[in-house]
1. Counting only residues that are hydrophobic (A, V, I, L, M, F, W, C) and surrounded by fewer than 22 Cβ atoms within 10 Å (Cβ to Cβ), which one in the range 70-84 is nearest to R142 (Cα to Cα)?
2. Quick check on this structure: which one of H16, H51 is within 19 Å of A112 (Cα to Cα) and of a type outside the set (A, V, I, L, M, F, W, C)?
3. Which condition number in (1) under 25 Å from V50 (Cβ atoms); (2) modelled with pLDDT under 90; (3) touching a helix residue (DSSP H, G or I) at 6+ places or on another chain (Cβ under 7 Å) is the one that D151 fails?
4. Which residue pairs have Cβ atoms closer than 7 Å, lie 6 or more positions apart in sequence or on different chains, and pair a first residue in the range 9-32 that is surrounded by fewer than 18 Cβ atoms within 10 Å (Cβ to Cβ) with a second residue that is among the acidic types (D, E)?
5. Could you tell me which residue of the range 58-111 is modelled with the lowest pLDDT, considering only residues that are part of a helix (DSSP H, G or I), within 30 Å of H16 (Cα to Cα) and among the hydrophobic types (A, V, I, L, M, F, W, C)?
6. Name every residue in the range 14-49 that is assigned to a loop (DSSP other than H, G, I, E, B) and either within 18 Å of the chain's Cα centre (by Cα) or of a type in the set (A, V, I, L, M, F, W, C) (or both), in order of residue number.
7. Just to be sure, is I104 β-branched (V, I, T), touching a residue at least 60 places away in the same chain (Cβ under 8 Å) and in contact with an Asp or Glu (Cβ under 9 Å, 6 or more places away or on another chain)?
Amino acid sequence: MVVALLSPPELLNAGHDVFQFFCGKPSLDHWLKTRALANQQKGFTVVMVVHAEDRVVGYYGLAPTAIVPASLPRAIRTGQPPNPVPCILLGQLATDSTWSGQGIGLGLFNHALARSVNGAALIGGRALIVNAVDDEAAAFWRRRGFLPSKDDGLVLFRSIADIAASLADG
């Protein structure tokens, strides 16, 4: 049996095969196949992928964003934040179902966290925001230290300072 070697996370490009990707969440599959590259080319999102022989098996997208302070959980809204509060959006994170259980999602998650901390150090950013696609995804994010918005349980936040501390702890 030949095992395909996985790439390290790299920027999505037109040579990557996204059309075989299937994670079981139609909105995440659809975004990768129809919007990811165009959004990246227009400067809306940075899309990082892991691939096996150019076939994408996992990805995530990061983008700058801002949020009104009242939407933030109290633990993140401390002090007198600007309005809006600069943040980073982890818009998508998915692993192809045939590759699930092999640590790809966890590796991409950790890569996204590190890039978010580094980005916030360069340009600012109070929190990392995720928009969970459903309740199951929201539970995934809560288990990883994200706090739900006051307004919407599918919008979750984790402070950049908390992420940086967790990365420093190893």
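The values are calculated or read from the model by the stated rules, or taken from the named source; none is laboratory data. Every value quoted in this text rests on a predicted model; they were computed, and no experiment measured them. A quick note on method: Cβ atoms are made from the backbone with ideal geometry, for glycine too, and the neighbour counts reach across all protein chains shown.
1. Looking at the filtered set, the residue picked out is A75.
2. Just one listed residue meets the conditions, H51.
3. Going through the list (1) under 25 Å from V50 (Cβ atoms); (2) modelled with pLDDT under 90; (3) touching a helix residue (DSSP H, G or I) at 6+ places or on another chain (Cβ under 7 Å), D151 breaks only (1).
4. G15/D54; D17/D54; F22/D29; F22/D96
5. Only one residue tops the list, namely L106.
6. A14, V18, F19, F21, F22, C23, G24, K25, R35, G43, F44, T45
7. When the stated conditions are applied, I104 passes them.
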